Amino acid sequence: MSLNSAGLEDIEEIHHQKVQSSMKSPPLQTASSVESDIHQNLKLASHEVLERAQQIGRSKCPKCSSSRMFYCYSCYIPLETVPVKNIPFVKLPLKIDIIKHPNETDGKSTAVHAKLLAPEDVTIYTYPCIPEYEGRRHETVLVFPGPNAVSVEDILLYIPKCAQTNDSSVEPVAKRKKCTLEEDRKLHETKLTGTIENTEQVRMKTVLRKVVFIDSTWNQTNKIISDEQLQGLVQVELKKRKTCFWRHQKGKPDTYLSTIEAIYYFLVDYHNMILKETYKGEYDNLLFFFSFMYKLIKTAKHSTGKI
């Protein structure tokens, strides 16, 4: 779930087709009706700056001088054709760590979108460089699908347990028993939320501070996910979300999301289910670049008869 990658290389492949990018955004999930609903409901900043930059074409990164379009995926900075003041800034409620596979093609990764749009809250590491989470497992979760992964809604049933153990005796996810009985779940929820009366109390009750995502093709994830640094973290899966990613990997379920989709959907669910606030589009601009690229690629495929 945080793995399919793609980005500027896709745009550069279709740039010569002079695709018109003034159409309304279609969405992020798989079936066409679902896609349309999602993209149309996003509260995004204007794509005008990207449309102008597309007309201008590639330019040099001010830092490394590499030829790029829109932004430099190596330096994590926008180009002069896309001024920082003209792209949205997103403030996140949690810190995000992205662990990138060293063989992942930078130009195809959507992880850089998060760094460009939420620079204060997103850090990208290249494996085997992984932060030290020992002593922080009670406030950190790993978003990655698996048989022992829990839903965002159930995070509160597991994180407080970690906090009470002071982290030293927390069992790895694979050994931790899942809460399956509805009676047990209701009991836990009553204990955790019964005294919460407002959002600030929810924040105090929720010790979650950081979320880890893996940026890699699905076939390259085994080495990262099995790294000892990530063992013992509560593992979370976004089981009800479907990808709109244009390079969805053959043979994988449509619930396996691109990195930026996984970050976005996790935060939306966190906002609704953990903070208990009505979501009003606070994180929609995380999809600022993704939505624009989605439109261009879908339009290009239409024009060539591929869809």
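What to note about this one:
- Sole exception among (1) at pLDDT 50 or above; (2) open to solvent by 20 Å² or more (accessible area, probe 1.4 Å); (3) under 18 Å from D269 (Cα atoms) for T126, by number: (3)
- Number of positions in the stretch 106-121 that are over 18 Å from R68 (Cα atoms), surrounded by 16 or more Cβ atoms within 10 Å (Cβ to Cβ) and free of Cβ contacts under 8 Å to residues at least 40 places away in the same chain: 1
- Check on M273, at pLDDT 90 or above and open to solvent by 60 Å² or more (accessible area, probe 1.4 Å): yes
- Matching residues, the stretch 13-53, being modelled with pLDDT of 95 or more and among the polar types (S, T, N, Q): S46
- Out of E200, E261, E282, one residue alone is closer than 23 Å to K108 by Cβ, among the acidic types (D, E) and either modelled with pLDDT of 80 or more or not in a loop (DSSP other than H, G, I, E, B) (or both). It is E261.
- Residues located in the stretch 41-82, provided they are in contact with a Phe, Trp or Tyr (Cβ under 7 Å, 6 or more places away or on another chain), assigned to a loop (DSSP other than H, G, I, E, B), touching a residue at least 60 places away in the same chain (Cβ under 8 Å) and aliphatic (A, V, I, L, M): L44, A45
The values are calculated or read from the model by the stated rules, or taken from the named source; none is laboratory data. This structure is a prediction, so every number in the text was calculated from the model and none was measured. All Cβ positions, even for glycine, are placed from backbone atoms using ideal geometry, and neighbour counts span all protein chains on display. Accessible surface areas use protein heavy atoms only, side chains included; no ligands, DNA or RNA. Shrake-Rupley method; radii C 1.70, N 1.55, O 1.52, S 1.80 Å.
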